[in-house]
Amino acid sequence: MPREKSSRAAHLKKADEPSAKAATTFGLPTATALIVGSIIGTGVFALPSALAPYGPISLVAFAVVTVGAIALALTFGRLAKRVPGSGGPYVYAREAFGEFAGFLNAWSYWITAWAGNAAIAVAWVGYVEVFVNTGHNKWLSAAIALTGLWIPAAVNLVGLRSVGAFQVVTTVMKFIPLILMATVGLFFVRAGDFGPFNASGGSPLGAVSAAAAIALFSYIGLETASVAAGRVRDPERNVPRATLYGTLACAAVYLLGTLAVFGAVPHARLAASTAPFTDAANQMAGGSWAGNVVAVAAIISGIGALGGWTMICAEMPEAAARDGLFPKAFASRRGDVPVFGIVSATVLASLITVAAYSSFDHVFTAIVLLSVLTAAIPYLFSAAAQLYWLLTHRREVARGRLVRDAVVSSLALVFSYWSIQGSGYQTVYYGLFAILLGIPVYILLKRSRGEYGESALPAAPALGTVVDAPDSPHRHAA
C-alpha cells in the first residue's frame, strides 16, 4: 500500500515527542541564553581582524547584515508560532515544499553546524594562544582547536540538564566583558586608527557584499531556539521572544564592540591580529591585564558557543531521522542524549579543522564562508516557506499583519540571496558540491523505504509472469 502523507498535526506531534520524553525543558531565559550563546561564540572576537582588509566600510556591511538578521529573527519567530516542533528550517521547508526540500535543508544546515563549530574552534585558539603557544606553532594550534571541540561534546554527552546550565553560566560570563568593550571602549576610539574607508581596492558595493558574507557568520545561531523548539516550554510563545531578544542583544554588542576595536587598534595591526579584542583592550588600558581578561572571556565564550552548537548538530538531523529523511542512527538516544549525532558532528568538525590548518592560509575566513553559504540556503527556504504560507493563506490573516509579515519575510528572502552571492565563487563551488553530496544519501533513504516519488514502489513481478508495458500495445514476458 502507498505510504500516506502524515497530516500537519500528526507531524507536529511526532516532532514534539522528544520534548515529552526529555527529563528537562528550557524556559525563556535558557532559550534566550541558547541563542545568545550560539550567536556570540568566538566569531565576534575574531571578526574585526577578518573584516579589517575591507576597512571601515565593513561597518556599513555589518549594519546591513544586522537589519537582515533581525528580519530573519522575526521570520523564524512567526514560523515557530505555526510550527512549534523541533527541527527549525528543516521542518519549515518540509511543511511548505515537501520532503526533498526538507532533506536538503537538513543536510545543508547540518554542514553549517559542524563546519561552524570548526570555525568557532579556530577563532577560540587565537585567544587561548594569548597564554600558550605564543609562537603559533601550526600543529599545536590544531591540537588546541581539537581540545576545544571535544570538551563541549563531552558536556553534551552528559545530558540535557548540564547543557542548559552550561549555556546560562557561559553566556553571563562572556556578555559582561563584551558590554564593557562596547560602551567604555567607545571613549578610546581614535579616527586615525580606522585607516582607508574602503581598503579592499575594489568597488564599494563589492566590498560591502564581501564583508557582509563574513559578518553574517556572527549572526548564525539566531534560529537555534526554533531548531530545539521541542525542548522549549510553551514554544509558540517563548521561541519567538527568545529569538528576537537574543538577536537584538547580540546586534547591539556586535556593532558597538566592532566599532570600538576598529577605532582603538591601528588598521595594519588589526589586519594581522589573531586576538583583536585583546589587542584593543591592551591599547585602551596601556598594559596586558585588560587584554588577558578579554581573552579569558573569549575562551569562555567559545566553549559556551560550542556547547550550544554541538547540541544543535544533533538536534536537526534527529528531527529529520524520525521522519526517515536522515540515517536512522541520528534518531537513536541514550537517555535524553543523541549520542551518534554529537559524536559524528564533532568528528567531522575535527577533520575539517585539521584539513584547514594543513591547507589554508586564512583558516578562519575559509571555514566561515562555507558555514555562511550552507546556512544562507536554509534561511532562504525558511523565508520562502513563510512567504508562501502568507500568499496561500492570505484570507486567514488580518490585512495589517499580512502586509507586515510579507514585507519582513521578503526582506529576509532577499537578504539570504545576497548573502549567498557575497560568499564568493570558490565558496559557492565547494559549498554546492558539499550540499549535492547529500543526494546519494537521499536516494538510499528513499530506496530503503520502498518509495519512488511520494508512493510505495510496486512489488517486483515473479519471473515468467506477463506484464503490461505502459508505453507499448504489446505484452512482454518478465
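The values are calculated or read from the model by the stated rules, or taken from the named source; none is laboratory data. Treat the numbers as computed from the prediction; the structure is a model and nothing was measured. Cβ coordinates were reconstructed from backbone atoms using ideal geometry, including for glycine residues, and neighbour counts include every protein chain displayed.
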| task | Residues being within 16 Å of the chain's Cα centre (by Cα) and surrounded by 24 or more Cβ atoms within 10 Å (Cβ to Cβ): count how many of those fall in region 69-92. | result | 12
| query | Given (1) surrounded by fewer than 24 Cβ atoms within 10 Å (Cβ to Cβ); (2) among the aromatic types (Phe, Trp, Tyr); (3) under 16 Å from Ser38 (Cβ atoms), where does Phe100 come up short, assuming only one miss? | reply | (3)
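Starting from residues that are surrounded by 10 or more Cβ atoms within 10 Å (Cβ to Cβ) and of a type outside the set (D, E, K, R), keep the ones in region 445-457 and report whichever is modelled with the lowest pLDDT.
Filtering region 445-457 for residues surrounded by 10 or more Cβ atoms within 10 Å (Cβ to Cβ) gives 445-452, 454-457.
Okay, now just the ones that are also of a type outside the set (D, E, K, R), so 445, 448, 450, 452, 455-457.
On the way: Leu445: 90, Ser448: 85, Gly450: 82, Tyr452: 79, Ser455: 68, Ala456: 67, Leu457: 60.
So, considering only residues that are surrounded by 10 or more Cβ atoms within 10 Å (Cβ to Cβ) and of a type outside the set (D, E, K, R), the one modelled with the lowest pLDDT is Leu457.
Within region 397-409, can you find the residues that are touching a helix residue (DSSP H, G or I) at 6+ places or on another chain (Cβ under 7 Å), in a helix (DSSP H, G or I) and of a type in the set (A, V, I, L, M, F, W, C)? Walk me through how you get there before you give the answer.
Filtering region 397-409 for residues touching a helix residue (DSSP H, G or I) at 6+ places or on another chain (Cβ under 7 Å) gives 397, 402, 405-406, 408-409.
Cutting the leftovers down to in a helix (DSSP H, G or I) gives us 402, 405-406, 408-409.
Selection gives Leu402, Ala406, Val408.
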| task | Determine whether region 208-223 contains at least one residue that is over 19 Å from Ile377 (Cα atoms) and either among the hydroxyl-bearing types (Ser, Thr, Tyr) or surrounded by 23 or more Cβ atoms within 10 Å (Cβ to Cβ) (or both). | result | yes
| query | Before we move on, is Thr310 of a type in the set (Val, Ile, Thr), surrounded by 24 or more Cβ atoms within 10 Å (Cβ to Cβ) and under 15 Å from Gly87 (Cα atoms)? | reply | yes
| Within region 319-348, can you find the residues that are farther than 30 Å from Glu451 by Cβ and touching a Cys at 6+ places or on another chain (Cβ under 8 Å)? | Thr346
| request: Might you check whether a residue that is out of contact with any His (no Cβ under 9 Å at 6 or more places or on another chain) and farther than 30 Å from Gln426 by Cβ occurs anywhere in region 343-351? | output: yes
| remark: Expected output for region 256-267 (first residue within 11 Å of Asp279 (Cα to Cα) and of a type in the set (Ser, Thr, Tyr), partner modelled with pLDDT of 90 or more and surrounded by fewer than 23 Cβ atoms within 10 Å (Cβ to Cβ), Cβ below 7 Å, 6+ apart or cross-chain) is none
| note | Residue pairs qualifying under the 8 Å Cβ cut-off, at least six apart or on distinct chains, with the first in region 179-202 being in contact (Cβ under 8 Å) with a residue 60 or more places away in the chain and at positive phi and the second being surrounded by fewer than 17 Cβ atoms within 10 Å (Cβ to Cβ) and of a type in the set (Gly, Ala, Ser), are Gly195/Ala268
| field | Conditions (1) modelled with pLDDT of 80 or more; (2) under 23 Å from Ile420 (Cα atoms); (3) among the charged types (D, E, K, R): number failed by Glu223 | value | (1)
| message | Contact list please: Cβ distance under 7 Å, first residue in region 363-375 and within 18 Å of Trp124 (Cβ to Cβ) and small (Gly, Ala, Ser), second residue assigned to a helix (DSSP H, G or I) and modelled with pLDDT of 80 or more, pairs at least six apart or on different chains. | response | Ser371/Thr112; Ser371/Ala115; Ser371/Gly116; Ser371/Ala119
| note | Log entry, pairs with first residue in region 410-436 being outside any helix (DSSP H, G or I), second being surrounded by 21 or more Cβ atoms within 10 Å (Cβ to Cβ) and of a type in the set (Phe, Trp, Tyr), beta carbons closer than 6 Å, six or more apart or on different chains, reads none
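Looking only at region 213-260, which residues are of a type in the set (S, T, N, Q) and touching a Gly at 6+ places or on another chain (Cβ under 6 Å)?
Kept after step one, since they are of a type in the set (S, T, N, Q), are these residues of region 213-260: 218, 224, 226, 238, 243, 247, 258.
Residues satisfying the conditions are Ser218, Ser226, Thr243.
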